Amino acid sequence: MKLLRYGEPGKELPALLDKDGGIRDLSEFIDDVSGPALSPESIARLKALDPASLPLVQDSPRIGACVGQVGKFICIGLNYADHAAETGADIPKEPIIFNKWTSAIVGPNDNVEIPRNSTKTDWEVELGVVIGKGGRYIDEANAMDHVVGYCVINDVSEREFQIERGGTWDKGKGCDTFGPTGPWLVTKDEIADPHQLNLWLEVDGKRYQNGNTRTMIFQIPKLVSYLSQFMSLQPGDVISTGTPPGVGLGIKPEPVFLRAGQRMRLGIEGLGEQEQLTVDA
């Protein structure tokens, strides 16, 4: 099942995508694609619905972030062996954790703003993991029971803010619009192996990132279990699991960064695509 949210910012409505690509409204059954609506019991009820019986949304509305009312937007740094190598970093011994502020979250095709005084805004296609069942001190063996599904995330980053302006990374990760999420929350039953997914990103038609989730250093069960040792995980929390090589910072001989007026396209196998225009803040 592919869940999504449509409508103007702050007024998004819940929906699912039918087999023909139509948007079917779910407002009669859930208030939002968030929190309690993502529990195993709620997902089972939604899956039992006949999509053809649901109202078909007309025209082509704006698609919002696929998860609403996100409590925590947790990110994992340097989690692809080939990405760590391109940045010259050592392979982490434990997952590197940082946060994106929830005010960074936007729809998959909304504009991305280049912050004022930024000269090093960069791109990162990432696999998002969405929590459906909360918990603390989760065993790795049971960790996938807590995952409801997956989505595409662009972990937009300002490298000077992140690296050169004093700790911590969060400074360059959580700027407004730096978290395009979606288009869909794809339930985990539709993805046979989340550690065998191709993911890619292009800027102005040039492909920079072309990786696969199999090169993750710490896989999803490890990440869910690990994070739950330091915080409770709650339904609707989003974990962005790291990026493959090809970020602007790693390009040789000189890094390449975004400027206003460019277009990013990115996607993950089975999870859909995003497209953003960069604009000045």
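Here are some notes:
- For segment 132-169, the tally of residues that are closer than 26 Å to Pro36 by Cβ and at pLDDT below 95 stands at 0.
- Some residue of segment 141-153 being buried (at least 17 other Cβ atoms within 10 Å of the Cβ), aromatic (Phe, Trp, Tyr), part of a loop (DSSP other than H, G, I, E, B) and within 14 Å of the chain's Cα centre (by Cα): no
- Flag if Glu126 is in contact with a Gly (Cβ under 7 Å, 6 or more places away or on another chain) and in a helix (DSSP H, G or I): no
- Residues of segment 160-179 that turn out to be surrounded by fewer than 23 Cβ atoms within 10 Å (Cβ to Cβ) and of a type in the set (A, V, I, L, M, F, W, C), as a count: 3
- Evaluated against (1) within 19 Å of Ile153 (Cα to Cα); (2) modelled with pLDDT of 95 or more, Leu249 falls short on exactly one condition, (2).
- Pairs linking a residue in segment 42-58 that is at negative phi and modelled with pLDDT of 95 or more to a residue that is assigned to a helix (DSSP H, G or I) and among the β-branched types (Val, Ile, Thr), with Cβ atoms under 9 Å and 6 or more positions apart or on different chains, do not occur.
- Hits in segment 167-214 - residues which are within 20 Å of Ile96 (Cβ to Cβ) and in a helix (DSSP H, G or I): Trp169, Asp170, Lys171, Gly172, Thr213, Arg214
- Listed by position, the strands (runs of 3 or more DSSP E) contained in segment 11-101 that have at least 2 residues being among the aliphatic types (A, V, I, L, M) and surrounded by 14 or more Cβ atoms within 10 Å (Cβ to Cβ) are 13-17, 73-77, 96-99.
- Contacts under 6 angstrom Cβ, first residue in segment 84-107 being closer than 19 Å to Val156 by Cα and among the basic types (Lys, Arg), partner assigned to a loop (DSSP other than H, G, I, E, B) and at pLDDT 95 or above, 6 or more apart: Lys100/Lys173; Lys100/Gly174
- Residue in segment 252-281 that is farthest from Leu197 (Cα to Cα), counting only those that are among the basic types (Lys, Arg) and at pLDDT 95 or above: Arg259
The values are calculated or read from the model by the stated rules, or taken from the named source; none is laboratory data. Everything quoted here is computed from the prediction, not taken from an experiment. Backbone-built Cβ (ideal geometry, glycine too); neighbour counts: all protein chains shown.
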